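Undergrad: Handing you this structure, nothing more for now.
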Amino acid sequence: MKIGVRAHDYGKMEIERLAAVLHDEGYQAAQLALPKAFLGIDTYDDITPKHLSRIRRAFEDAGIDIPVFGCYMDLGNPDDAVRSKAVDTFKKCLKYSKEVGAKMVGTETAYPHLTAEEKKVWYPYMKDSIQRIAEEAQRVGAVFAVEPVYWHPLENLEAALDLLHTVDDPQHMRLIFDASNLLPDPSIDQNAYWNEWLSAIGDFIFAMHIKDFTLDASGNYQPALLGEGVIDYTAISKWLHEKRPDMYLLREEMVPAHAQHDIAFLKSL
């Protein structure tokens, strides 16, 4: 397994500086959302061939893989203009990912927290967006991955399996697995829940986002150090060792002051 981090959790820096910081912390991989990670890039429209060349060279020199080129777009939005812009941006990033040396482009399927009814409305729009992205990925020879999140259109295992069956292109479409974004209630039997997910879609998972959280008195999400929140990683760790020792484990919501604590936890997985 390779230990990585969402790079912009360290703040926005010059390209070469960020690569050096992540190397010095001991990471082997980084998820890069370019407008959030690098000074001089404020939107995806700002990206130039020079940026991509510098990023590729800096991260190769630092020995850090780029498993995920982050391009989180509102793919299920019913507003045609919003959705079209999202798809077009993502298509550009498929090409950028190849130039920068990233393994694939990753996204969730919406921005807002949706109600049950809204998720039903947004779902077909999301499927259409992803089918068009899949066509472009096939055309340019790139890979993309979508991340199920229980408050988004791609909300549960049934929806994920439906999408995988619809696109049916494991060469170009994969999944990002984030336990914190899939756990609707910490009181459920997590061992059974994670085993159900992993047995059904494990072959399609390209990378895992690793984070942890607690709930405050009002039931609101509060980020936590790994191993100090509600996520039970026992079943996930067992599956990783037995099935996917090659997995990228990418820490999200990293607090740099506690990096070594979390890196040790990632290694224990």
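Undergrad: Considering only region 118-140, I want to know if a residue exists there that is outside any helix (DSSP H, G or I) and surrounded by 15 or more Cβ atoms within 10 Å (Cβ to Cβ). Reasoning before the result, please.
TA: As a first pass, look at region 118-140 and keep what is outside any helix (DSSP H, G or I): none.
No - not one qualifying residue is present in region 118-140.
Undergrad: Taking the condition within 12 Å of Ala145 (Cβ to Cβ), without any contact (Cβ under 8 Å) to a residue 40 or more places away in the chain and touching a helix residue (DSSP H, G or I) at 6+ places or on another chain (Cβ under 7 Å), does Leu164 pass?
TA: no
Undergrad: Going by the structure shown, is Ala207 without any contact (Cβ under 8 Å) to a residue 60 or more places away in the chain and of a type outside the set (Val, Ile, Thr)?
TA: Details: without any contact (Cβ under 8 Å) to a residue 60 or more places away in the chain: no; of a type outside the set (Val, Ile, Thr): yes.
So Ala207 fails the test.
Each row is one residue, and each column tells you yes or no for (1) among the aliphatic types (A, V, I, L, M); (2) touching a residue at least 24 places away in the same chain (Cβ under 8 Å).
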site: Leu22; (1), (2): yes, yes
site: Tyr27; (1), (2): no, yes
site: Leu32; (1), (2): yes, yes
site: Asp42; (1), (2): no, no
site: Val68; (1), (2): yes, yes
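Undergrad: Further, regarding this structure: Which of the residues spanning region 244-263 are of a type in the set (A, V, I, L, M), in a helix (DSSP H, G or I) and surrounded by 13 or more Cβ atoms within 10 Å (Cβ to Cβ)?
TA: Scanning region 244-263 gives Ala259, Ile263.
Undergrad: Within the set of pairs 6+ apart or on separate chains, which have a first residue in region 1-19 that is within 15 Å of Ile41 (Cβ to Cβ) and in a helix (DSSP H, G or I), a second that is polar (S, T, N, Q) and at pLDDT 95 or above, and C-beta atoms under 7 Å apart?
TA: The qualifying pairs are Ala7/Gln31.
Undergrad: A further question on this structure: Residue pairs, Cβ under 8 Å, 6 or more apart or interchain, first in region 104-119 and free of Cβ contacts under 8 Å to residues at least 60 places away in the same chain, second in a strand (DSSP E or B) and among the aromatic types (Phe, Trp, Tyr). List them.
TA: Val105/Phe69; Val105/Phe144; Thr107/Phe144
Undergrad: So, one more: Taking into account only those residues within region 80-103 that are among the acidic types (Asp, Glu) and either in a loop (DSSP other than H, G, I, E, B) or without any contact (Cβ under 8 Å) to a residue 12 or more places away in the chain (or both), which is farthest from Met173 (Cα to Cα)?
TA: Asp80
Undergrad: With under 19 Å from the mean Cα position of the chain (by Cα), within 23 Å of Asp262 (Cβ to Cβ) and not acidic (Asp, Glu) as the only criterion, which of Ala86, Ala30, Ala20 stands out?
TA: Ala30
Undergrad: Just one of Asp65, Asp24, Asp80 is over 30 Å from His241 (Cβ atoms) and modelled with pLDDT of 95 or more; which is it? Let's see the steps before the verdict.
TA: Working: Asp65 fails: over 30 Å from His241 (Cβ atoms); Asp24 fails: over 30 Å from His241 (Cβ atoms).
It is Asp80.
Undergrad: Taking region 141-173 only, how many residues are assigned to a helix (DSSP H, G or I) and acidic (Asp, Glu)? It would help to see each step written out before you state the result.
TA: Narrowing region 141-173 to residues assigned to a helix (DSSP H, G or I): 157-167.
Adding the requirement that they be acidic (Asp, Glu) leaves 158, 162.
Going through region 141-173 one residue at a time, the tally reaches 2.
Undergrad: Considering Glu108, Glu99, which residue is surrounded by fewer than 19 Cβ atoms within 10 Å (Cβ to Cβ) and of a type in the set (D, E, K, R)? Don't jump to the end; show me each part of the working.
TA: On the way: Glu108 fails: surrounded by fewer than 19 Cβ atoms within 10 Å (Cβ to Cβ).
Checking each option against the conditions leaves just Glu99.
Undergrad: Working only within region 43-69, note down all residues that are exposed (fewer than 15 other Cβ atoms within 10 Å of the Cβ) and hydroxyl-bearing (Ser, Thr, Tyr).
TA: Of everything in region 43-69, those that are exposed (fewer than 15 other Cβ atoms within 10 Å of the Cβ) and hydroxyl-bearing (Ser, Thr, Tyr) turn out to be Thr43, Thr48, Ser53.
Undergrad: Among (1) part of a loop (DSSP other than H, G, I, E, B); (2) more than 14 Å from the chain's Cα centre (by Cα), which single condition is Met73 missing?
TA: Going through (1) part of a loop (DSSP other than H, G, I, E, B); (2) more than 14 Å from the chain's Cα centre (by Cα) one by one, Met73 breaks only (2).
Undergrad: Taking region 181-226 on its own, how many of its residues are surrounded by 17 or more Cβ atoms within 10 Å (Cβ to Cβ) and in a loop (DSSP other than H, G, I, E, B)?
TA: Counting residues in region 181-226 that are surrounded by 17 or more Cβ atoms within 10 Å (Cβ to Cβ) and in a loop (DSSP other than H, G, I, E, B) gives 4.
The values are calculated or read from the model by the stated rules, or taken from the named source; none is laboratory data. Nothing here was measured: the structure is a model prediction, and the numbers come from that model. Backbone-built Cβ (ideal geometry, glycine too); neighbour counts: all protein chains shown.
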